[in-house]
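S.K.: Dropping a structure here in structure tokens format, bear with me for questions.
The values are calculated or read from the model by the stated rules, or taken from the named source; none is laboratory data. Predicted model only: the values in this text are computed from it and were never measured. Cβ placement follows ideal geometry from the backbone for every residue including glycine, while neighbour counts extend to all protein chains displayed.
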Amino acid sequence: MADRIQTLDIIRGVAVMGIVSVNVVDFSTMNAAYLNPAALGWPDPASLAVWALNMLFVDGKFRTLFSMLFGASLLLVVERAEAAGESGWTTHSRRMAVLLLFGLAHAILIWRGDILSLYAMTGLIAFWFRGLGAGRLITWGIGLSLVNVVLFGAIAVTLQQQQVAAMAGDASAELLRNWQANYHSFYPTAEQIAADKAIFDGGWLAIVANEAGKAARIATNVLLLLPDTLGLMLLGMAGYKSGFLTGAWDDRAYRRIAAWGIALGLAAFAALVVADVASGFSVPVILAGFMTAVAPFRIAMALGYAALFILMARGMGPIARRFAAVGRAAFSNYLGTSLVLTPVFYGWGLGLYGDLSRAEAWLFVPLVWLLMLAWSKPWLDHFHYGPLEWAWRSLARWELQPMRKRVAAAA
């Protein structure tokens with residue numbers, strides 16, 4: 001489509017690719033292993049290295065970027081709707097309603113790790129901040145992210161207190177039950193592991209029934225993650241309004257942000273890796289470290305990455321256009337990842353769920369990246385939208401949108 005902002009597409013493309021590097025764990029085995037590589041037993045050296053590298057360079061940073069880009073794109077869509085004489089709220093609310101339906105279908109019918117439901121519900125709130133200037137958006141964004149830090153910090157402190165009391169031997173029966181339940185969400189029992197594997201080694205209908213029975217989990221995740229996600233969307237709006245995400249700043253500013261943001265982020269996440277391993281992946285340390293202590297550095301590193309990608313895109317030419325195409329079709333690529341990986345791991349496909357180490361499962365990630373880069377640009381050379389972008393736009397507008405690009409007639 002005309003008037004695309006290429007920097008937004010490039011950053012979004014890299015972000016949706018980066019997310020696969022950590023999400024593959026949740027496709028391939030129990031959810032407990034996502035943050036805790038020792039959840040199912042101490043990892044082999046290769047798997048520990050994969051976890052450490054992801055924690056250093058990927059985990060949290062690309063979801064942060066993706067959330068920021070959602071906020072920037074939200075603002076862009078609303079502005080263009082209002083410039084065309086349409087109602088910004090009507091356009092936006094319809095888009096979020098359709099996105100919520102996609103997200104719920106994704107979570108129940110395809111893969112439990114859906115983030116679209118969270119984005120749809122958070123996006124409805126983010127709309128009402130659109131009139132603020134960049135400075136106030138930054139203030140709100142940082143404030144909401146701090147709410148998330150306090151929330152998870154309180155949870156981590158509670159877990160630490162439970163652990164100390166449980167180890168002291170004078171805990172009440174109720175406290176012990178609560179601690180064991182919390183502990184086994186990070187370190188599942190053999191029975192829990194076997195039950196989980198039996199479900200995902202089964203047929204599609206059995207998996208759907210299991211996920212449908214856990215629908216309340218979606219609401220819980222939204223409540224827990226909404227403050228941080230909303231904060232990131234507002235920071236993305238600020239990045240759009242200030243020109244940072246659109247590539248309007250000079251190269252010196254981008255170089256400075258890239259250097260400081262990435263350096264600070266790497267230092268913080270390196271400390272987290274050391275703390276996790278040294279503690280033997282203690283539950284309070286895992287939670288407090290990732291969700292609380294490094295949260296500000298996660299944002300700093302994401303901004304550093306954004307600046308770096310903008311600088312790299314200045315002179316990459318065809319390579320940059322490949323990544324931009326992935327970003328233009330980010331919705332299709334995000335859901336497409338689930339359509340590619342669930343048949344690999346779930347029982348109705350190859351049935352590799354729970355059978356591969358973290359390192360072995362990660363070997364599928366470069367294949368997904370290659371697929372994204374291979375199909376996105378050729379498709380968009382012939383069509384206005386990715387297939388799911390077209391469906392989203394058509395459903396939100398209640399009419400089929402033009403799909404195929406017109407070929408100019410020969411002179």
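S.K.: Given (1) of a type in the set (Ser, Thr, Tyr); (2) outside any loop (DSSP other than H, G, I, E, B); (3) within 30 Å of Phe200 (Cα to Cα), where does Tyr305 come up short, assuming only one miss?
M.R.: Condition (3) is where Tyr305 drops out.
S.K.: Any residue in segment 350-366 that is in contact with a helix residue (DSSP H, G or I) (Cβ under 7 Å, 6 or more places away or on another chain), among the basic types (Lys, Arg) and touching a residue at least 60 places away in the same chain (Cβ under 8 Å)?
M.R.: yes
S.K.: Within segment 385-411, how many residues turn out to be surrounded by fewer than 17 Cβ atoms within 10 Å (Cβ to Cβ) and either modelled with pLDDT under 95 or in a loop (DSSP other than H, G, I, E, B) (or both)?
M.R.: Going through segment 385-411 one residue at a time, the tally reaches 15.
S.K.: Tally the residues that are in a loop (DSSP other than H, G, I, E, B) and either closer than 29 Å to Asn31 by Cβ or free of Cβ contacts under 8 Å to residues at least 60 places away in the same chain (or both), restricting the search to segment 133-176.
M.R.: Final tally of qualifying residues: 4.
S.K.: Being over 30 Å from Thr91 (Cα atoms), surrounded by 22 or more Cβ atoms within 10 Å (Cβ to Cβ) and under 23 Å from the mean Cα position of the chain (by Cα) is true for just one of Ala324, Ala329, Ala361. Which residue is that?
M.R.: From the options Ala324, Ala329, Ala361, the qualifying one is Ala361.
S.K.: In addition: Can you give me the number of residues within segment 103-148 that are touching an Asp or Glu at 6+ places or on another chain (Cβ under 7 Å) and among the charged types (D, E, K, R)?
M.R.: The qualifying residues number 1.
S.K.: Give me the helices (runs of 4 or more DSSP H) completely within segment 30-120, filtered to those with at least 2 residues that are touching a residue at least 40 places away in the same chain (Cβ under 8 Å) and under 14 Å from Phe331 (Cα atoms), ordered by residue number.
M.R.: The helices (runs of 4 or more DSSP H) meeting that bar are 61-83, 88-105.
S.K.: Among the residues of segment 148-164, is there at least one that is of a type outside the set (A, V, I, L, M, F, W, C) and in contact with a Gly (Cβ under 8 Å, 6 or more places away or on another chain)?
M.R.: yes
S.K.: Would you confirm, using the coordinates I've provided, whether Gly315 is out of contact with any Phe, Trp or Tyr (no Cβ under 9 Å at 6 or more places or on another chain), closer than 25 Å to Gln6 by Cβ and not in a helix (DSSP H, G or I)?
M.R.: Yes, satisfied.
S.K.: In addition: Only one of Ala38, Ala15 is modelled with pLDDT of 95 or more, more than 25 Å from Ser338 (Cβ to Cβ) and either of a type in the set (A, V, I, L, M) or crowded, with 21+ Cβ neighbours inside 10 Å (or both). Can you tell me which?
M.R.: The conditions single out Ala38.
S.K.: OK, next. Only one of these conditions is not met by Gly354: (1) small (Gly, Ala, Ser); (2) in a loop (DSSP other than H, G, I, E, B); (3) at negative phi. Which number is it?
M.R.: (3)
S.K.: Sticking with this one: On the given criteria, is Trp348 surrounded by 15 or more Cβ atoms within 10 Å (Cβ to Cβ), out of contact with any strand residue (DSSP E or B) (no Cβ under 8 Å at 6 or more places or on another chain) and more than 30 Å from Lys197 (Cα to Cα)?
M.R.: no
S.K.: Here are some residues: Trp179, Trp128. Which one is within 27 Å of Gly239 (Cα to Cα), among the hydrophobic types (A, V, I, L, M, F, W, C), more than 21 Å from the chain's Cα centre (by Cα) and in a helix (DSSP H, G or I)?
M.R.: Trp128
S.K.: If you don't mind, another one. Tally up the residues in segment 332-349 that are part of a helix (DSSP H, G or I) and in contact (Cβ under 8 Å) with a residue 60 or more places away in the chain, please.
M.R.: 10
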